[in-house]
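What follows is one structure encoded as structure tokens, with my remarks underneath.
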Amino acid sequence: MIHIPILRAGKPYQSLEVATVPHFRSGEPVAEVSQANRGLIARDLLQMAERQQMLQALSVRELLQICRAAAKHFQEAVLPLGAGEQSPDDYIAQLSATTGMPQSLCRKNMDKIVLVLEEMEAVLGGLTRGIDVEIFDRGWIEQEGRPLSFLREADALGAILPSNSPGVHSLWLPAIPLKVPLVLKPGSQEPWTPFRIIQAFIAAGAPPEAFSFYPTDYGGAAEILLRTGRSMLFGDKNTVAPWRKDPRVQIHGPGWSKVIIADDKIGQWQDYLDVIETSAVMNGGRSCINASGVWVGSRGREVAEALGQRFARIEARGIEDPDAQIAAFTNKSLARRISAMIDSQLQIPGAEDVTARHRNSDRYVEKDGCAFLLPTVIYCEDPAHPLAHSEFLFPYLSVVEMPQEEMLPAMGSTLVATAITGDREFIRRIFASHNVERLNLGPIPTMKINWDQPHEGNLFEHLYRQRAFQMSG
Amino acid sequence: MNVIAKPLTEKIAAARRQLDAQVREMVQWHFDPATGCPFWLDYAGRLDFDPRKEIGGFSDLKLLGHFQDEWLRGGPVRKWVPKGLAGKPVYVFETGGSTGVPKTRININDFQTDYELFSKTLSEKTFPKGADWLMLGPSGPRRLRLAVEHLCQHRGGICFFVDLDPRWVNKLITRGEMQELDLYKNHVINQGLTILRAHDNIQCLFTTPKLLEALCEKIDLRKAGIKGIFCGGTEMNAQFHRFAREELVPGIDFVPTYGNTLMGLATSKPFDSKKKDYTITYYPPSPRAVFEIVNPDNLDETVAYGQTGRVLLTTLTREFFMPRFPERDEGERSEPIEPYPWDGVSNLRLFSALQESVVVGVY
């Protein structure tokens, strides 16, 4: 069986404690993964300052070159995987086998990671707002006649990673050209992507010491969050709650991303159905930037009805089918429970499953032994209804109707808002809204990422802070 | 015929005879109106047989059913004091309280006896007589605090302590206050460091796995003069065992143990440095305590050697009689070995069915 080791500053370490990663359909083990005990992580992290020096010794230009080379290795090379090797096709097959994500979507996520590695200079430009990257080599630069300096806040970036979508791994990649070593805890079902990215970096010439990979339990994850000066935490509401007030931890919780069609544009609502569908369905609905809500001031039922008809056409397909749009659940019981929970909440007045009328099956279906939840549109006439504020690991949309003037505070936390409006006063209010993290003005899918516009926290600002600096003569 | 195995076979049979004799003696004691405690005498009154007549050996304990830990929650605690020991000073010890109202167990001399027996298994070289100890573990109403001090005194040493409230730690974990937990851990560790640095004769240490990890981040224990570490209090797996020997405390005698308030102290199979087998196998202090590894769905069915099962714990002392209590742990049934010719358990861990409801690994 494939064994995925711990990487202790790049060195493989086989633990006596292993966890198996099962095939989502058969339950048969696909790989066993060495588990790091908490003390081992803590002990290793005492050495991070020395490991950071390995990255510091390289110029940013060299590191950007390494990123470009890593992109090629990640996409094309046969790379080490434990005692064996992994081809790009192996990676796609293994990733799909343990996450239930269709291979076509796995490839799209792979492309996303490759793109970020290839375009790292533009990504850094977006993160730093165009500061000359030499600042990371020299410590300061002169900009518009003024000295500018930034202080690195941490010797390592910790990341507690999810299993839901491999594309999220692109978020921590800039740490390497920013000269901050990585300490990664992979999601239990998805060790593949972070391990392969690390191997691609090492093959491209990055110092192995800059990469630590610790599959571990909750206690080990806490150790990473407590000991790396800066970290990213991916997880559900309960997982991230204890860390929300810790400024060292950048939270990546549920997205609750939304499309808003304002009163001035609702008359053309049919024009925006493609944008809404893409926002909700792309990547199988598994990303935090997938829309889970459409908020309108009027005509909500018509919008919901039209979306319900479109969603009902999306079928469950085998994970190797190139036309597959939705992922299988790795846990059938979880899929059943989610579906039952939605049905139970539909008993509360004020919400209706519009898709149910257009499908010939239940929301929960099995195909080739795999469990799926079919895309679902709920019409909510009550904006306080629990289904108006829900997000799940499948394409799910609630179409919520309420007066526009009350909408922004009522819709709650929103990672990406696509606001379709030309109403200047409403736009001004959206800009001022603390509920909205990333804003798309106009019919832009919530899933459309512009890499020079970082969303959900800026990694550069997380890792560096500006310091006052002056120099004689 | 296997001539090498024969002495062990004989030892196993002798140990079993000794266990059966212990069962008979303890059943006589606990169910005799002159010596038994109110709880068991009352219990016997509700049986349709006389345990003193029907129970002739360990396998007959099944007749009494399974001890329920609920019986140990709340009072009156004197219902557990055997009449035959009336008038003697009584200690009451509590479990960690990680599963609701703490269980209480009365003690008179048992903890001293258990730790004196354990003392015989310790090396004179690495746990020297006359050496002082640091007890860096849970304090308060726990048997471990007094037991380690007794062990130290029994070996001619003086024992230093810190305060550690595992229930507060449990609350921090349950509330997800990991930063506060880290501060509390550092508070405990700093107290331990102060003691270690101030007292040159401390050569032995009791601590828990997590506190040992934290302590070793701050100090090289070998350079600080520590020769032997007695480690227990929470579960420990083979990976931790290896990590401790290879990286945390190389060159220091590392002795994993498994103990609790209800049973006493189980010792581990001696580590073979040539084989480098880090599996931890515990053996109970038979005949005072017994492990049975059973099918969790049928607690009367012992699993085969090497198979996984739930731990049933039996305690057989004059102070405390606890037949076949289903512990919150599981592990693999292990074969008798020369120094411990009775069943042991390997890879002890939280019983999988309870894993979501119990907070462990607290200190």
Suppose only helical runs count, i.e. DSSP H with n ≥ 4. What mean residue ellipticity at 222 nm does that imply for chain B under -39500 (n - 2.57) per run, divided by all residues and rounded to the nearest 500 deg cm²/dmol? -9000 deg cm²/dmol
Any idea what the dipole of the stretch A:257-441 comes to, in debye rounded to 20, about its Cα centre with Lys/Arg Cβ at +1 and Asp/Glu Cβ at -1? 360
Cysteines having no other Cys beta carbon under 4.7 Å from their own, within the protein assembly as shown: A:CYS67, A:CYS106, A:CYS288, A:CYS370, A:CYS380, B:CYS37, B:CYS204, B:CYS216, B:CYS231
Could you state the angle between the C-alpha long axis of helix B:209-218 and the longest principal axis of the C-alpha atoms of chain B, as a value from 0 to 90 degrees rounded to the nearest 10? 10
Partner chain Cβ atoms within 10 Å, averaged over the residues of B:246-254 - can you pull that number for me? 1
What angle, in degrees between 0 and 90 and rounded to the nearest 10, separates the Cα long axis of helix B:178-198 from the longest principal axis of the Cα atoms of chain B? 80
Between A:GLN309 and A:GLN268, how many nm apart are label points set 7 Å from Cα along the C-beta direction? 2.1
Neighbour-limited loop hits for GluC sites (Glu not before Pro), the stretch B:103-171 (at most 13 other Cβ within 10 Å; DSSP other than H, G, I, E, B): B:GLU124
Per its Cα gyration tensor (rounded if a/c is under 1.5, else prolate when a/b beats b/c, else oblate), the stretch A:1-86 is best filed as oblate
9 Å beta-carbon shell around B:PRO336, net charge (K/R +1, D/E -1): -2
Pairwise FRET efficiency - A:GLU85 versus A:HIS434, Cβ, R0 = 56 Å, nearest 0.05: 0.70
Of B:LYS53/B:LYS103; B:LYS120/B:LYS185; B:LYS103/B:LYS269; A:LYS245/B:LYS171; A:LYS245/B:LYS103, those spanning more than 27 Å from alpha-carbon to alpha-carbon: B:LYS53/B:LYS103; B:LYS120/B:LYS185; B:LYS103/B:LYS269; A:LYS245/B:LYS103
Too long for a 29 Å Cα-Cα cut-off, among A:LYS185/A:LYS332; B:LYS223/B:LYS274; A:LYS11/B:LYS227, are A:LYS11/B:LYS227
Dividing the helical contributions, -39500 (n - 2.57) per DSSP H run of n ≥ 4, by the residues of chain A yields a 222 nm value, nearest 500 deg cm²/dmol, of -10000 deg cm²/dmol
If one compares the long axis through the Cα atoms of helix B:6-30 with the longest principal axis of the Cα atoms of chain B, the angle in degrees, nearest 10, works out at 70
State the antiparallel share, in %, of DSSP beta bridges confined to the stretch A:257-441, rounding to the nearest 5. 25
When the label point is put 7 Å from the Cα of B:TRP168 along its Cα-to-beta-carbon vector, which residues of the stretch B:186-219 have a backbone N closer than 15 Å? B:186-192
Any lysines whose Cα falls less than 20 Å from that of A:LYS112, other than same-chain ones fewer than 8 residues away, would be A:LYS72, A:LYS448
So which trypsin sites (Lys or Arg not before Pro) in the stretch B:197-299 pass both tests, a DSSP loop state and at most 11 other Cβ atoms within 10 Å of the Cβ? B:LYS223, B:LYS274, B:LYS275, B:LYS276
Model label zone, A:MET341; criterion: amide N under 18 Å from point 7 Å along Cα-to-beta-carbon; scope the stretch A:270-288: A:285-288
Would chain A count as rounded, prolate or oblate if I go by the C-alpha gyration tensor, calling it rounded below 1.5 in a/c and otherwise prolate when a/b exceeds b/c, oblate otherwise? oblate
Mean separation of Cα pairs under 8 Å and 6+ residues apart, divided by the residue count of the stretch A:304-381: what relative contact order is that in percent? 42
Kyte-Doolittle mean at least -0.5, axial Cα span of 20 Å or more - DSSP H helices of chain A: A:60-76, A:103-118, A:332-346
Calculate, for B:ASN298 and B:LYS88, the FRET efficiency according to 1/(1 + (r/R0)^6) with r their C-beta to C-beta distance and R0 30 Å; round to the nearest 0.05. 0.15
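All of the numbers you see were taken from the coordinates with simple rules; none came from a lab. Note that the coordinates shown come from a computational prediction; the quantities given were computed from them, not determined experimentally. All Cβ positions, even for glycine, are placed from backbone atoms using ideal geometry, and neighbour counts span all protein chains on display.
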